[in-house]
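Only one structure is covered here, and it is reproduced in the block below.
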Amino acid sequence: MRDAANPRIECLLRELAPQALGAVMRQGNDFGASEDAVQEALIAAADQWPCRGIPGKPLGWLIRVAGRRLTDHVRSEMSRRNRETLVGMETPQDMAPAVYDEAESVSDDTLVLLFMCCHPALTSASAIALTLRAVAGLTTGEIARAFLVPESTIGQRISRAKQSIKASGIPFRLPDPEERAQRLNSVLHVLYLVFNEGYTATSGAALHRPDLSNEAIRLMSEVHKLVPNDPEVAGLLALMLLTDARRAARTGPDHELIPLDEQDRTRWNRQSIAEGVALVSAALSKGLAGEYQLQAAIAAVHDEAASAAETDWPQILALYSVLKRMTDNPMVAVSHAIATAMVAGPNAGLELLEPLMADERLQGNHRLDTARAHLLERAGKLVAAETLYRSAALKTTSTPERNYLLLKAAGLRQL
Amino acid sequence: MKYMIMMNSPRDGYAQFMSWPKEILEAHFAFMEAFGQKLRESGELVGAEGLASPTQAKAVRAGKDGKPVTDGVFPESKEFLAGYWIVDVESPARAYEIAGEVLDAPHAATIADGKPFEMVIEVREILASHQDL
């Protein structure tokens, strides 16, 4: 089992997974078969390395084993066909063990694979599953546990994704420059979703739940190394670091949610904050800011405040005002209203939230009710706030969030 | 052997749950967290889920005009499923024992009309699928 492997080997394997896959594919093998072969090689490595030691050239080892697995598959496929047709005319094209060319650029493989796995033709669920397996080197079982779904579900998503890639005939190379920007957006979106999944799922039923936020940050750092000059790439990495920095303070001993203004800021990760702030400051200095940079800038303002009371709300409001002009996302409008309330008082915020109640995209979502409940509470309208906290509790699909909202309502009833 | 342990709530149980005092809610959440943790540590927990309020429930039935999706809880039902655990245990007796522990979850004593808050835990054995054989 891969799960039993020691953390150092686990770490190394995840790093080598996309490089091995890239090398196997560059030998002319198709993506689906190569990916299966590399998975098998990773499992073999996790099985053998802990007792026999890490080989001198671990990447070469993985590529050789994967290559052999591919050859085995081709051979057995050939002999099956031969048996069936009794015609032995076809011969495998090249059975010679593949020689791995160190000179070829392997660092770009991670990026090429990300472009493949995060192709806009795939649904985000498929793209996420495929990215975690092919690029992050997780097993199907690990991905299934991370999302708390059966292994067969993830297996199906991965094989559907591979079929779509095969059908679309996407070549294994970097897309043209003009296509690249748009495809990079898909990559960022998929990694953003992986991060959020890890960040919002604060409790899980399974032991050894792989940490999706860490995986997203790790892959995002890789992307940033490969595309260091894209300000949105830096912006998203900064956003992840600045958000993840608060992780330890975000939940209490029973996994209960602790809101930002009540968190123990001494438990925030100062190193992640410093890294995130440096990244987003450098990105913003390059001119026109994108959405990830603005969100990162907002997170940075929160993270740099010594206490909730010292938060620079006028600065946050200014950033949300820019963000609101850039996107039609109603969640941004909700956050903008909250920032307005922090600067100009709860009634000013409530006024901005009023028209959003008719927005169909927010129907059934708890965020608007939660925001109104908080502002009504601040305005001293406790009965209305209590009702809205309960209404939000009925709408949320997250247990920790529901529990938090029910406790807020119960607290108001007892005042 | 696997069992599904179902926690059923009285008809207005969810509405009542939402108006429990803060201390009872806190104790209830902590109990459920610890209960799940204990089952994970003993290796008996296969899965567990809490269900959203039945006011969000929909019914899908075959009708004259296809399969209409209609609102709501079945009006005739006296109780509804609030959540479940799937456990893999040595014996039926162990499954009943786990079910009994759920009853210790802190809860408000009475519901709106003064009747005691009564939880019924249903224990059902899960048939083995071909994958388990």
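For residue B:47, list long-range residues whose amide hydrogen, built 1.01 Å from N in the peptide plane, is under 5 Å from its own amide hydrogen.
B:86
Could you work out the helix-only [θ] at 222 nm for the protein assembly as shown, with each DSSP H run of four or more residues adding -39,500 (n - 2.57) and the total divided by the number of residues, to the nearest 500 deg cm²/dmol?
Values: 22 runs with 314 residues, N = 548.
Taken over the protein assembly as shown, the calculation gives -18500 deg cm²/dmol.
I need to check one value: relative contact order of chain A, counting alpha carbon pairs closer than 8 Å and at least 6 residues apart, in percent.
Across chain A, relative contact order equals 10 percent.
Please list, ordered by chain and number, the residues whose modelled amide H lies under 5 Å from the amide H of residue A:251; skip anything fewer than 5 residues away on the same chain.
So residue A:251 has HN proximity to A:258.
Can you name the helices of chain A, as whole DSSP H runs, whose Cα span along the helix axis is 24 Å or more and whose Kyte-Doolittle mean is not below -1.0? Mind showing how you got there, number by number?
Working: long enough: A:7-26 (29 Å, 0.30); A:31-52 (31 Å, -0.03); A:58-85 (40 Å, -0.96); A:151-168 (26 Å, -0.81); A:177-200 (34 Å, -0.29).
Correct list, ordered by number: A:7-26, A:31-52, A:58-85, A:151-168, A:177-200.
Looking at chain A, identify the longest residue range that excludes and avoids all GluC sites (Glu not before Pro) in DSSP loops having at most 15 other Cβ atoms within 10 Å.
A:105-415
By a straight-distance test (C-alpha under 23 Å), which lysines pair with residue A:381 as possible cross-link partners, with residues fewer than eight away in the same chain excluded?
Here the lysines satisfying the reach criterion relative to residue A:381 are A:395, A:408, B:22.
What is the order of A:152, A:307, A:221, fewest Cβ neighbours within 10 Å to most? Don't skip to the end; give the middle numbers.
Details: A:152 11, A:307 8, A:221 14.
Fewest-to-most Cβ neighbours within 10 Å comes out as A:307, A:152, A:221.
Can you bin the protein assembly as shown into rounded, prolate or oblate? Criterion: square roots of the alpha carbon gyration tensor eigenvalues sorted a ≥ b ≥ c, rounded for a/c under 1.5, prolate for a/b above b/c, oblate for the rest.
oblate
Which is the longest run of chain A containing none of the trypsin sites (Lys or Arg not before Pro) found in DSSP loop states (not H, G, I, E, B) with at most 14 other C-beta atoms within 10 Å?
Numbers: sites that count: A:173, A:286.
The segment A:1-172 is the longest one with no such site.
Over region A:323-404, what is the mean sequence separation of C-alpha contacts under 8 Å (at least six apart), divided by residue count, expressed as relative contact order in percent? Present the calculation step by step, with values, prior to reporting the outcome.
Details: 89 pairs, mean separation 18.4, N = 82.
With pairs under 8 Å counted, the relative contact order is 22 percent.
Can you sort B:87, A:149 so the residue with the fewest Cβ neighbours within 10 Å comes first?
In order of increasing Cβ crowding within 10 Å: A:149, B:87.
Using only alpha carbon pairs under 8 Å that are at least six residues apart, calculate the relative contact order of region A:322-366 and give it in whole percent. Numbers along the way, then the final one.
On the way: 29 pairs, mean separation 13.3, N = 45.
That works out to 30 percent.
Let's see if you can work this out: charge +1 on each Lys and Arg Cβ, -1 on each Asp and Glu Cβ, no other charges. What is the dipole magnitude of the protein assembly as shown about its Cα centre, in debye to the nearest 20?
With Lys and Arg at +1 and Asp and Glu at -1, about 600 debye.
Pairs to check: B:58/B:78; A:162/A:225; B:38/B:78; A:225/A:286. Give those whose C-alpha atoms are more than 20 Å from each other in this structure.
Result: A:162/A:225; B:38/B:78 exceed 20 Å.
None of the figures in this text is laboratory data; all of them are computed from the coordinates on show. Values in this document were obtained by computation on a predicted structure and should not be read as measured data. Here Cβ is always computed from backbone atoms with ideal geometry, including for glycine, and neighbour counts include all displayed protein chains.
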